[in-house]
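Derivation of every value follows stated rules applied to the coordinates shown; laboratory data play no part. All values derive from a computational prediction rather than experimental measurement. Counting neighbours? That spans all protein chains shown, and the Cβs are built from the backbone with ideal geometry, glycine included.
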Amino acid sequence: MKLLNMILDIRAAGFAEWTNAKPLKNGAFLRFSRGNSMTGNTHAGRFSLGMGTVFLTLLLLITLQNKVQAQTYAIQGEIVYTMAGNPITNGVVLVRDGRIEQVGTAARVRIPSGVEVVQAKVVTPGFIDAHSVVGLSGALNVPHDQDQLERSHPFQPDLRAIDAYNAREHLVVFVSNMGITTIHTGHGPGAIASGQTMIVKTTGGTINEALIDSVTMVAFTLGPSVGRNYTQVGSRSRTIAMLRAEFIKAQEYKRRVDAADGDLSKMPARDLKMETMMAILNREIRAMITAQQTTEILAALRLQEEFGFDLVLDGAAEAYLVLDQIKAAGVHVFIHPPMVRTTGETVNASWDTAAKLHEAGIPFAFQAGFEGYVPKTRVVHYEAAIAVANGLPFLAGLEAITIGSARILGIDSRVGSLERGKDADIALFDGDPFEYLTSTTGVMINGQWLVKPE
């Protein structure tokens, strides 16, 4: 408003200056001063230069005003789920320069003059997919877009997701259009250690534009699927023995690094695998272990107890059978998609496992996961909807794809809720986001519309 008043003042001053100027015969202008003395071409030149400056300034101010307005939005929702308190009826989210500036009722949030106002029935934080392979696995299911699992060796914790992620992959665009604005993605299950994971926004043309965290976890897998992918692995016992052996080697590598105390001449030869495993032992990054059946879940908990790393259980199809043990270990869970195909290791998966985790007070988040068929991913809030339909409270389901997921991933200072200062990642819907027939009407990431409301 202050900027608009400045523009009006300049316009008024320019008009007064113009009306005080008189034409001369040679086409120049003269102007009478306050003392009513006549001035000639010299002053006319000054006047022309002055008016040029005035109009240039006016143009600049108008441009700045338009730029400010273009970066500021007011999103009005019949109901706004902030995930930082109770839902707000008739709420407003004010966005400025890529961040949330204010959230509250329409009666309390003053919308600046000239700011674009967008309306929706339901407004939520952008959804977070707690575990995916999107960006490494593509939509076509052909060799050039399937980088989620390297089959040359069963133990490769040094493989970096950042080196394989394709920000322009169609699946990234697809999930962003559904309101999923952040994904924890990377190498998929199926190897003892398949590689590293990372966190990205579902926007940008390059990994640098999308990246939040380059190394978040290392993906491990326990269970028969590893033996099916790698002939040198075999039984469950051999899988665990091989993994324990690698952790023991990492302990020795760490001991030598610590003993060197920064002296390069005493450092062991660089080993990318051991450097990654050492980071896990140092709790600099976490181990995400895919373990579906109770045999694998309990084995993962034993590994965590033996080596002292931070553990996130992934899948955990039979978690409802060992809730006490999971809770006692204090680990988090990326629960399998409730609609996962109940075959093989997920034969005992249940639609109400999320509800049981919630009742037990075990922190969990929903994931799109990894499937063996095209396009190898699911839609995370459709999966959460099934859990909500089978005993999980609505707000608990919404929390598990927003702020709850953000907390587990360690990014809750930036995303996961609609609060002042956080990234403006916002999803708009024409109804209950857990209803299948509800449509996404708008998606904003970092204050920019990916899906512009009509």
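Can you tell me which of 127-136, 375-384 comes out highest on packing, and rank the rest after it, using the mean Cβ neighbours within 10 Å?
127-136, 375-384
Show the residues, 5+ positions off or on another chain, whose built amide H is closer than 5 Å to the amide H of Gly442.
Leu428
Using the per-residue mean of other Cβ atoms lying within 10 Å as a proxy for protection, in what order, highest first, do the peptides 316-323, 250-257, 195-202 fall? List each step's numbers first, then the result.
On the way: 316-323: 21.8, 250-257: 16.2, 195-202: 25.9.
The most tightly packed comes first, giving 195-202, 316-323, 250-257.
Work out, step by step, the length gained on full extension between Glu371 and Tyr436: first 0.36 nm times the residue separation, then minus their alpha carbon distance; give nm to one decimal.
21.3 nm
Modelling each spin label as a point 7 Å along the Cα-to-Cβ direction, I'd like the His144/Glu454 distance in nm, to one decimal.
Between His144 and Glu454, the simple spin-label model gives 3.5 nm.
In whole Å, how far is the Cα centre of the range 67-122 from that of the range 375-454?
Rounded to whole Å, the Cα centres lie 17 Å apart.
Taking the simple approach of a point 7 Å from Cα along Cα-to-Cβ for both Asn390 and Glu305, what is their distance in nm?
Taking the two extended label points, one gets 2.9 nm.
Using the Cα centre of the range 283-394 as origin and beta-carbon charges of +1 (Lys, Arg) and -1 (Asp, Glu), tell me which of His381, Thr295, Asn348 is placed farthest towards the positive end of the dipole.
His381
What's the ranking of 160-169, 91-100 by average number of surrounding C-beta atoms within 10 Å, highest first?
Ranking the peptides 160-169, 91-100 by packing returns 91-100, 160-169.
Let's see if you can work this out: charge +1 on each Lys and Arg Cβ, -1 on each Asp and Glu Cβ, no other charges. What is the dipole magnitude of the range 153-241 about its Cα centre, in debye to the nearest 20? Mind showing how you got there, number by number?
Numbers: 6 positive and 5 negative charges, 71 e Å.
Roughly 340 debye, rounded to the nearest 20.
Please give the FRET efficiency for Gln119 paired with Glu209, using the beta carbon to beta carbon distance and R0 = 22 Å, rounded to the nearest 0.05.
So, using R0 = 22 Å, E works out to roughly 0.15.
Rounded to the nearest 0.05, what FRET efficiency do Ile79 and Ala259 give with R0 = 45 Å and r taken as the Cβ-Cβ distance? Could you check?
It comes to 0.15.
If one computes the Cα centroid of the range 227-259 and of the range 157-213, what distance in Å separates the two points?
26 Å
When only DSSP loop residues count, what chymotrypsin sites (Phe, Trp or Tyr not before Pro) in the range 388-454 have their Cβ near at most 10 other Cβ atoms within 10 Å?
Tyr436
Take the Cβ-Cβ distance between Lys249 and Arg108 as r, set R0 to 60 Å, and report the resulting FRET efficiency rounded to the nearest 0.05.
Working: r = 59 Å, r/R0 = 0.98.
For R0 = 60 Å, the calculated efficiency reads 0.50.
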